[in-house]
Amino acid sequence: MLTQEQIKLIEESPLPDALKSIAQLFPGGARFSSSLGEEDQVITDVICRNKIGIEIFTLDTGRLFYETYDLIERTNSRYKINIKIFFPDTSDVETFVNEKGINSFYESVENRKQCCFIRKVKPLSRALAGAKVWVTGLRSAQSENRKGMPMIGWDEERQLYKFNPLINWTYDEMIGYIKENNVPCNPLHEKGFISIGCAPCTRAIEPGEDPRAGRWWWEQSQKECGLHTDHAAAKK
């Protein structure tokens, strides 16, 4: 387990050093879940540029934008890596679609959360099986639910550390890094798609709208899919 001194040192370190420390403290046990968003691309760039031993994976829900699939290929080519891809269980998807309909997530929050659980949450559990640290690209400014999340917290349900190295980064800091290092990004960002998920569930936002307003825009909710709802995780 990490000591408070180790946690403090990591939290106060520059991004490359923080990621290196995690990889060294948990050799072979750190995994980074990338949704190919701008934050995730920053972390991928740092991991690859510094040859840090952290596995990178993504979840293919089966309903992503073409631009996201293209970005996976461009990222693999740029950094000479193979991002590991996890898919939902076929029988789960078939049962859900056959019983409730291909786009039933528009009908209720319950249906939408069930779809997210099948296509994201369950595959994530497989992707993190055996991991000691889950690295994410979360920033506190992304949504109300993410404000107050610690940089390093203990996920009691998954029994691992959740490391959010960009949690205190501003949007401008992120964009500045991307431009300075010519990091490959999804062209949909330039069209107003700030937070990009599944194609049927994502729209561009208007100037001044909340960054998460384009996700599940037809419902009033916390705008989360279920992957990152444990912000009460305490430091340990």
Count of segment 179-188 residues which are more than 16 Å from the chain's Cα centre (by Cα) and surrounded by 15 or more Cβ atoms within 10 Å (Cβ to Cβ) = 3
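Just checking, does segment 69-92 include any residue being of a type in the set (A, V, I, L, M) and within 25 Å of Q220 (Cα to Cα)?
Within segment 69-92 (the criterion being of a type in the set (A, V, I, L, M) and within 25 Å of Q220 (Cα to Cα)), the answer is no, since none of the residues qualifies.
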Here are some conditions: (1) over 30 Å from L19 (Cα atoms); (2) touching a Ser or Thr at 6+ places or on another chain (Cβ under 8 Å); (3) loosely packed, with under 13 Cβ neighbours inside 10 Å. G148 meets all but one. Which one does it not meet?
-> (1)
Lone unmet requirement of (1) under 24 Å from W134 (Cα atoms); (2) modelled with pLDDT of 95 or more for V93 = (1)
Could you list all residues from segment 61-86 that are surrounded by fewer than 17 Cβ atoms within 10 Å (Cβ to Cβ) and under 15 Å from the mean Cα position of the chain (by Cα)?
-> K84, I85
Among the residues of segment 200-219, write down those that are among the aromatic types (F, W, Y) and free of Cβ contacts under 8 Å to residues at least 60 places away in the same chain.
-> W217
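Somewhere in segment 64-80, is a residue in a loop (DSSP other than H, G, I, E, B) and either within 18 Å of S195 (Cβ to Cβ) or not aromatic (F, W, Y) (or both)? Write out each step before concluding.
Restricting attention to segment 64-80, the residues satisfying the condition of being in a loop (DSSP other than H, G, I, E, B) are 65, 80.
This time we only want the ones that are either within 18 Å of S195 (Cβ to Cβ) or not aromatic (F, W, Y) (or both), so: 65, 80.
Scanning segment 64-80 turns up at least one residue that is in a loop (DSSP other than H, G, I, E, B) and either within 18 Å of S195 (Cβ to Cβ) or not aromatic (F, W, Y) (or both).
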Quick one: in segment 160-176, of everything that is within 18 Å of A30 (Cα to Cα) and of a type in the set (A, V, I, L, M, F, W, C), which residue is surrounded by the fewest Cβ atoms within 10 Å (Cβ to Cβ)?
-> L160
Are there any pairs, at least 6 apart or on different chains, whose C-beta atoms fall under 9 Å, with the first in segment 11-29 and closer than 15 Å to V133 by Cα and the second among the acidic types (D, E), and if so, which?
-> A18/E11; A18/E12; G28/E55
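The values are calculated or read from the model by the stated rules, or taken from the named source; none is laboratory data. These numbers come from a predicted model, not from an experiment. Glycine also receives a Cβ, built like all others from the backbone with ideal geometry; neighbour counts cover every protein chain displayed.
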